[in-house]
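Heads up: the structure comes next, in structure tokens.
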Amino acid sequence: MRAGLWLMAAVMMVSTAACGQAFNGMDRNDYPGDTMLGALHKSFSYTSYWLNAPPGEKATTWTGKRAVLRERGFGFMLLWNGRLDKELKGKDAASVGRSDAAAAVAAAASEGFPKGALIFLDQEEGGRLLPEQLSYVLGWVDAVRRAGWHGGVYCSGLPVDDGNGGTITTAQDIERQAGSWKIPLWVARDECPPSPGCMIESKPRLPSAALGLPDAVVWQYALSPRRPEFTGGCPKNYAEDGHCYAPGVYHGPYGFVDLDTASSADPSSGR
């Protein structure tokens with residue numbers, strides 16, 4: 001009887017995990033402004049939160065906004081902009097990763113996020129990681145973990161030529177290279193399918209199931225503006241200006257968003 005009950009409980013746990021709930025969220029480089037939060041929260045459970053300057057910017061506009069976002073009901077995806085390969089060439093990449101990890105943890109603590117929150121390293125360049133890139137990523141993740149926080153990676157899930165007659169994605173490469181580390185991944189893949197394009201689904205899909213990546217905890221499935229080279233097969237559900245907007249939000253520079261689905265309403269446990 002005990003063995004039968006244990007087996008039944010195990011099956012129920014597996015079934016529950018397989019059928020877990022997913023949550024809609026948003027991300028953008030610039031803070032949308034306090035007045036936009038009410039309208040955005042009608043569609044999204046969580047938002048990105050840049051701890052340092054996003055790609056192409058000199059500063060982050062999210063600084064000091066945790067309290068108001070939390071009060072408005074948002075969960076968080078904490079982001080740290082990582083290094084491009086050209087910044088790692090000829091350097092001790094692992095050491096650079098550890099130094100950047102210390103800065104990321106300090107920034108998260110300064111913003112009031114709880115120790116142990118998950119911080120994603122933004123790995124902008126796609127394809128198979130070069131040796132110095134891998135050293136940087138693993139050095140960063142390891143140092144974040146040693147500081148008592150959790151380290152994840154934002155990366156591409158788009159397949160590219162692997163040079164051996166097949167394809168590879170950055171997300172697949174990180175899962176393979178990380179091995180038993182099990183690094184949480186925020187995966188960007190906006191081609192259709194698997195993406196539905198600029199659409200907020202009433203029953204969003206779990207990232208791991210939609211992408212076939214066990215370590216994917218967030219899926220960024222629509223970007224603003226859309227990228228025609230990847231979204232040519234998507235439904236024509238982007239706005240005329242090529243951006244993606246939440247329902248009821250004005251079409252302007254602070255209204256467009258990237259769309260995400262995640263396995264938690266607070267992917268970084270930042271509340």
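The values are calculated or read from the model by the stated rules, or taken from the named source; none is laboratory data. All of these numbers come straight from a predicted model, not from anything done at the bench. Heads up, the Cβs are rebuilt from the backbone with ideal geometry, glycines too, and the neighbour counts pull from every protein chain shown.
Being β-branched (Val, Ile, Thr), surrounded by 19 or more Cβ atoms within 10 Å (Cβ to Cβ), at pLDDT 95 or above and outside any loop (DSSP other than H, G, I, E, B) is a description that applies to Val96. Among the residues of region 131-144, is any outside any helix (DSSP H, G or I) and modelled with pLDDT of 95 or more? No; the residues of region 131-144 include none that is outside any helix (DSSP H, G or I) and modelled with pLDDT of 95 or more.
Comparison of Leu88, Leu79, Leu138, Leu134 shows that the only residue that is aliphatic (A, V, I, L, M), touching a residue at least 12 places away in the same chain (Cβ under 8 Å), touching an Asp or Glu at 6+ places or on another chain (Cβ under 7 Å) and closer than 25 Å to Gly163 by Cα is Leu88. Scanning region 152-178 for residues that are more than 13 Å from Gly212 (Cα to Cα), touching a strand residue (DSSP E or B) at 6+ places or on another chain (Cβ under 7 Å) and assigned to a helix (DSSP H, G or I) yields Thr170, Ile174.
Conditions (1) of a type in the set (Gly, Ala, Ser); (2) in contact with a Ser or Thr (Cβ under 8 Å, 6 or more places away or on another chain), marked per residue:
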position	(1), (2)
Ser224	yes, no
Arg227	no, no
Cys234	no, yes
His243	no, yes
Ala246	yes, yes
Thr261	no, no
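Of all residues in region 112-130, those satisfying the criterion of being touching a helix residue (DSSP H, G or I) at 6+ places or on another chain (Cβ under 8 Å) and either assigned to a loop (DSSP other than H, G, I, E, B) or without any contact (Cβ under 8 Å) to a residue 40 or more places away in the chain (or both) are Gly112, Phe113, Lys115, Ala117, Gln123, Glu125, Gly126, Gly127, Arg128, Leu129, Leu130. Considering only residues in region 142-190 that are among the aromatic types (Phe, Trp, Tyr) and within 22 Å of Ser224 (Cβ to Cβ), the one that is farthest from the chain's Cα centre (by Cα) turns out to be Tyr154.
Within region 242-271, how many residues turn out to be touching a His at 6+ places or on another chain (Cβ under 9 Å), more than 22 Å from Ile183 (Cα to Cα) and modelled with pLDDT of 95 or more? So the answer is 4. Surrounded by 16 or more Cβ atoms within 10 Å (Cβ to Cβ) and not charged (D, E, K, R), is that true of Gly64? So Gly64 fails the test. Counting the residues of region 166-195 that are buried (at least 18 other Cβ atoms within 10 Å of the Cβ) and free of Cβ contacts under 8 Å to residues at least 60 places away in the same chain gives 17.
Residue-level check: of (1) surrounded by fewer than 21 Cβ atoms within 10 Å (Cβ to Cβ); (2) part of a helix (DSSP H, G or I); (3) touching a residue at least 12 places away in the same chain (Cβ under 8 Å), Ala109 misses just (3).
The number of residues in region 219-245 that are surrounded by 20 or more Cβ atoms within 10 Å (Cβ to Cβ), hydrophobic (A, V, I, L, M, F, W, C) and touching a strand residue (DSSP E or B) at 6+ places or on another chain (Cβ under 7 Å) comes to 4.
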